[in-house]
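Below is one structure; the comments refer to it alone.
None of the figures in this text is laboratory data; all of them are computed from the coordinates on show. The model shown is predicted, which means the values in this text are computed figures rather than measured ones. Here the Cβ positions follow ideal geometry from the backbone for every residue, glycine too, while neighbour counts run over all protein chains shown.
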């Protein structure tokens, strides 16, 4: 017998992925390609839940999850215009819904976060990993994220489980909101930073630690490394001087091969 046999997945991954997309595109945004109706999604999700929790709990999670959908839909409808107004390259609202990775990742996080707080096994992380696979954005389902959260580009963003993000925060690609160090005995402690309202974090910044707080209205520049709290209304950036030399006419590009 394989040592992994007792870890067999209690549901079909493709089936759950189809449900995730149906929730986003059919139920939240009423796109024309119907995968499942509202009742079909509800039935399918409930059937999957009964394979991992007792029937009574499965029914409770299903009921609570679908009661939250309208609230999530209202929030995401507002978020579309946040994305549209923040990105001069955006051409339409539908473009944001179907092709912006940051928007998709946030939409899935809202769903995963509901399941997470309903103490649902397996599925919250599966939802977030599906978004990760599709977008390159890794948001733990337990992360607490406020309203009007804007992700530009997004590839390589990592947001840890105990991260707290306020309202009107903007984050660019390659940002890490992580733990200062990893140890299993810290599982029940706050390990990831707090980002207060109206903060902008530019590409490549790394912010670590559960006691690290980025104060409201601050701007964090690209590629900085932060492990201590920053006061409100701060600008944090890394100074460096690039070296510029004139290329010798006889010099080849072989000099730059690594």
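Taken over the C-alpha atoms, the chain has Rg and Dmax values of 21.2, 77 angstrom. How far is helix 38-50 tilted, in degrees, relative to the longest principal axis of the Cα atoms in the chain, given as a value from 0 to 90 rounded to the nearest 10? Approximately 90 degrees, to the nearest 10. Each of residue 241 and residue 229 was given a label point 7 Å from its Cα along the Cα-to-Cβ line. The distance between the two points is 3.6 nm. Once the Cα-Cα distance is subtracted from the 0.36 nm per residue extended length, the residue 75 to residue 217 segment shows a gain of 48.9 nm.
Relative to the longest principal axis of the Cα atoms of the chain, helix 55-86 runs at roughly 40 degrees.
Would you mind pulling out the separation of the Cα centroids of region 107-137 and region 155-175, in Å? Going from one Cα centre to the other spans 15 Å. Normalised by the number of residues in region 10-135, the mean separation of alpha-carbon contacts (under 8 Å, six or more apart) gives a relative contact order of 21 percent. Computed from the alpha carbon positions, the gyration tensor of region 143-238 leads to an equivalent ellipsoid with semi-axes of 19, 14, 13 Å, biggest first.
Over region 10-135, the reciprocal of the mean inverse Cα-Cα separation, the Kirkwood hydrodynamic radius, stands at 15.0 Å. So what's the gap between the Cα centers of region 213-239 and region 50-104, to the nearest angstrom? Spelled out, the Cα-based centre of one part sits 30 Å from the other.
If R0 equals 35 Å, the separation of the Cβ atoms of residue 119 and residue 17 corresponds to a calculated FRET efficiency of about 0.95. Think of it as helices only: each DSSP H run of n ≥ 4 in the chain is worth -39500 (n - 2.57), and spread over all residues that comes to -11500 deg cm²/dmol at 222 nm.
At a Förster distance of 25 Å, what's the computed FRET efficiency of residue 87 paired with residue 31, Cβ-Cβ distance as r, to 0.05? E between residue 87 and residue 31, to the nearest 0.05, is 0.75. Backbone N atoms of region 48-74 closer than 16 Å to the 7 Å Cα→Cβ label point of residue 8 belong to residues 51-52.
Between 190, 18, 91, the residue with the greatest mean-square fluctuation in the GNM of the chain (Cα pairs under 10 Å linked by springs) is 91. The slack in the chain from residue 64 to residue 183, taken as 0.36 nm per residue of separation less the alpha-carbon distance, amounts to 39.5 nm. Where does helix 123-135 land angle-wise versus the long Cα axis of the chain, in degrees 0 to 90, nearest 10? Here the helix axis deviates by roughly 40 degrees.
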